[in-house]
Amino acid sequence: MVYLFGAHIAQWSLKNAQEVLFMSKAAVFDNSTPIRGGIPLVFPQFGGGTLPSHGFARRSVWTVHSMQENTLVLSFSDNKSTRDLWEGNKFTLLYSITLESNAITTSFQVENQGETPFDFQALLHTYFHLSDITTTKLYGLEGQSFTDKLSEDITVPCVQPNEQPLVFDKETDYIFFKAPSQVTLVGLALSQKNDKEMEKNEKEKDASCFASNAQDGTVTIDIQVNNNGSIDTHDIVVWNPWSEKSIRMGDFGDDEFHTMCCVEPGCVSKWETLTPASKWTITQTLVVVGGGGGGGGDGVGETKL
Ligand code: BG6
């Protein structure tokens with residue numbers, strides 16, 4: 001389920017209706033508040049500054065560029081409001097979403113349509129639905145350097161110990177830089193929705209009532225960044241707000257941190273520079289295994305706008 005507001009993937013269900021992504025019960029669907037859950041897009045800026053937090057892409061209404069078989073492509077270009085906000089920069093964004101029975105590929109492309117270079121940051125801010133954050137493990141970051149955004153001195157990099165997957169026991173807000181091209185998250189809650197629950201969801205726009213019949217699963221996240229024809233480095237942000245921050249967040253349930261984490265590929269530790277007519281693309285493919293039959297099938301997806 002994709003909203004044109006923010007080109008936001010709100011739900012991604014496997015063939016047997018198991019929901020992979022987390023969506024907060026408190027998420028707001030008012031076409032102006034960024035949606036809390038699913039896959040928000042961060043562009044052109046990660047942190048604070050002159051632009052709205054995480055940029056304007058997740059707060060803008062996109063249009064359908066094309067829809068063929070199992071691929072939907074959405075687009076968004078500069079307008080007066082983005083030019084006023086962002087130094088007059090001219091750009092086109094394309095976001096392509098391809099479904100298979102147990103996999104989804106989301107590819108975000110930025111093209112500079114102006115006559116001067118511009119700098120930007122971008123993230124695919126993916127929320128996963130977990131059985132239990134305290135038993136979840138993220139593999140692939142062993143021995144990798146990261147910035148702990150919550151540490152007193154963020155200029156001092158930390159290192160994830162060798163042979164230890166990342167686990168969660170507190171508020172976590174890490175930026176792994178020069179990150180690997182594949183990580184694996186073990187601990188997905190692949191809950192089975194029944195028809196009644198799905199109907200209720202439709203009515204209430206609430207994608208979070210998937211607690212019943214939870215079955216653990218694993219998702220492998222493949223990441224690639226292409227900068228004007230060459231493979232480039234990328235970051236991975238790992239986030240869980242834990243208890244106190246959850247209470248402070250108005251559009252997030254106080255206890256929901258138990259059943260979610262974000263693994264967010266992108267470019268945020270530095271600024272990417274895009275010269276006129278050049279393109280930058282980040283692609284993530286999520287492949288899910290487990291949960292009682294998510295894999296296999298005919299490979300055909302259905303995208304609902
Ligand atoms: C993560 C950031 O990417 O997003 C966190 O690293 C932030 O610092 C989180 O709290 C949620 O951001 P927002 O703007 O959606 O509340």
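The values are calculated or read from the model by the stated rules, or taken from the named source; none is laboratory data. What you see is a predicted model; the values in this text were computed from it and never measured. Cβ sites come from the backbone with ideal geometry, for glycine too, and all protein chains shown count toward neighbours. All accessible areas refer to the heavy atoms of the entire protein, side chains included, with ligands and DNA or RNA removed. Shrake-Rupley method; radii C 1.70, N 1.55, O 1.52, S 1.80 Å.
The set of residues in the stretch 59-98 being in contact with a Gly (Cβ under 8 Å, 6 or more places away or on another chain) and open to solvent by less than 20 Å² (accessible area, probe 1.4 Å) consists of Ser60, Trp62, Asn89, Phe91.
Is there a residue being open to solvent by less than 40 Å² (accessible area, probe 1.4 Å) and of a type in the set (Ser, Thr, Tyr) anywhere in the stretch 236-256?
Yes, there is a match, as at least one residue in the stretch 236-256 is open to solvent by less than 40 Å² (accessible area, probe 1.4 Å) and of a type in the set (Ser, Thr, Tyr).
The residue of the stretch 112-125 that is nearest to the ligand (Cβ to nearest atom), among those that are buried (at least 18 other Cβ atoms within 10 Å of the Cβ) and part of a strand (DSSP E or B), is Leu123.
Among the residues of the stretch 31-47, is there at least one that is surrounded by 14 or more Cβ atoms within 10 Å (Cβ to Cβ), modelled with pLDDT under 95, of a type outside the set (Asp, Glu) and under 25 Å from Lys245 (Cα atoms)?
no
Contact annotation: residue pairs with Cβ atoms under 6 Å, 6 or more positions apart or on different chains, pairing a residue in the stretch 251-279 that is under 25 Å from Leu190 (Cβ atoms) and within 13 Å of the ligand (Cβ to nearest atom) with a partner that is modelled with pLDDT of 95 or more and assigned to a helix (DSSP H, G or I), are Phe252/Ser246; Phe257/Trp242; Phe257/Ser246.
Do the conditions hold for Thr92, that is, is it in a strand (DSSP E or B) and touching a residue at least 40 places away in the same chain (Cβ under 8 Å)? Give the derivation first.
On the way: in a strand (DSSP E or B): yes; touching a residue at least 40 places away in the same chain (Cβ under 8 Å): no.
For Thr92, the condition - in a strand (DSSP E or B) and touching a residue at least 40 places away in the same chain (Cβ under 8 Å) - is not met.
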